[in-house]
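Here's the structure we're looking at; comments come further down.
The values are calculated or read from the model by the stated rules, or taken from the named source; none is laboratory data. It should be emphasised that the depicted structure is a prediction, and the values quoted were computed from it without experimental measurement. Note: ideal-geometry Cβ built from the backbone for every residue, glycine included; neighbour counts use all protein chains shown.
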Amino acid sequence: RLGEYTVMTEPSSTSRIIDGKAFAAGLRRRIAEAVAAIKAAHGVTPGLAVVLVGEDPASLVYVRSKGRQTLEAGMNGFEHRLPAETSERQLLDLIDQLNRDRAVHGILVQLPLPPQIDEQAVIDAINPAKDVDGFHVINAGRLATGGKAMIPCTPLGCLMLLKGTLGDLSGLEAVVVGRSNIVGKPMAQLLLGANCTVTVAHSRTRDLPEVCRRADILVAAVGRPEMIRGDWIRPGATVVDVGINRIEGAGGKTRLVGDVAFEEARAVAGAITPVPGGVGPMTIAVLLRNTVIACCRQNDIAEPDL
Ligand code: NDP
């Protein structure tokens, strides 16, 4: 309110919605072409092993779609489902077997694991060359030092969306909210590698809204529904929302929202990823991409540009 007047402001523009679903479909098409070319020229079929321990319903859904999309890309999929009471030793034995299997180029162990199994011990046991999730310390170290890493799928998917939307990212101010090993930290490394000026914010950051307002590129990977408000966003900025939060909607039905208040943000941002349909679909497509790259590196085949 200004004096007695209510100032009605129409958003000067609404943002471009970044269509992650369409982008991921395009990437999967290119992957299928690359797989066909590798098979024809070298007689090798990229193979992905997915290991699921227990019956977590969300994990089951992910594992099923990973398996389906692997086959659709013309690759081999090997699914290993183990009971919830599997011991760490039994899981490590399976990892050892997959590490030695020449038909398996990528190994993914679906997290979270049951409490009797030490996740870090399992990640450490995966051959770094087959670590298509990019969680092994060797791959984290290579990413940090500019080496040939396997790069975590979700942040690499975000980088692809950003490059697809903005082109060259050189010199842009990037703010990443979240510093997990799976998303925030590798995202920051990738943006640094793309010559952005990078700030990593987290739960102890002072004046988070002000830090966010610096960003030409704002990546939210927090896990708090709609925490980032419209007035935290610099007009024209590109917003990538990694968050997947299930909240109760109208009529007791649950729905998915991101870490960004989408309707507010889209009135200010230049471009924004929706939830669902933004970053989510990219993650599995990049997993397939990483498996193809891992297969090429293990067989001395020139890497396709994916
Ligand atoms: P984590 O819980 O591991 O990390 C969350 C990060 O957010 C931490 O660094 C934490 O800070 C920070 N944080 C928490 N609260 C605040 C706050 N109030 N202000 C500022 N920072 C805060 O989560 P992940 O990185 O694994 O995942 C983040 C989100 O992304 C989740 O919603 C998850 O579901 C989603 N996700 C989506 C994927 C996809 O395919 N699209 C894949 C992976 C994750 P601190 O370190 O100080 O505690």
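Some notes on this structure:
- Per-region count, the range 222-257, residues touching a Ser or Thr at 6+ places or on another chain (Cβ under 8 Å) and surrounded by 24 or more Cβ atoms within 10 Å (Cβ to Cβ): 5
- Picking from residues in the range 168-203 that are among the charged types (D, E, K, R) and closer than 19 Å to GLY243 by Cα, the one that is surrounded by the most Cβ atoms within 10 Å (Cβ to Cβ) is LYS185.
- Residue within the range 282-294 that is more than 18 Å from MET160 (Cβ to Cβ), assigned to a helix (DSSP H, G or I), modelled with pLDDT of 95 or more and more than 16 Å from the ligand (Cβ to nearest atom) present: no
- Residue within the range 169-189 that is in contact (Cβ under 8 Å) with a residue 60 or more places away in the chain and either aliphatic (A, V, I, L, M) or in contact with a Ser or Thr (Cβ under 6 Å, 6 or more places away or on another chain) (or both) present: yes
- Helices (runs of 4 or more DSSP H) wholly inside the range 127-195 containing at least 3 residues that are at pLDDT 95 or above and more than 16 Å from the ligand (Cβ to nearest atom): 137-145, 153-166
- Pair list, Cβ < 6 Å and 6+ apart or interchain, from the range 83-96 residues that are more than 14 Å from GLU119 (Cβ to Cβ) to residues that are surrounded by 11 or more Cβ atoms within 10 Å (Cβ to Cβ): ALA84/GLY54; ALA84/PRO114
- Counted residues, the range 268-280 - those being buried (at least 21 other Cβ atoms within 10 Å of the Cβ) and within 11 Å of the ligand (Cβ to nearest atom): 5
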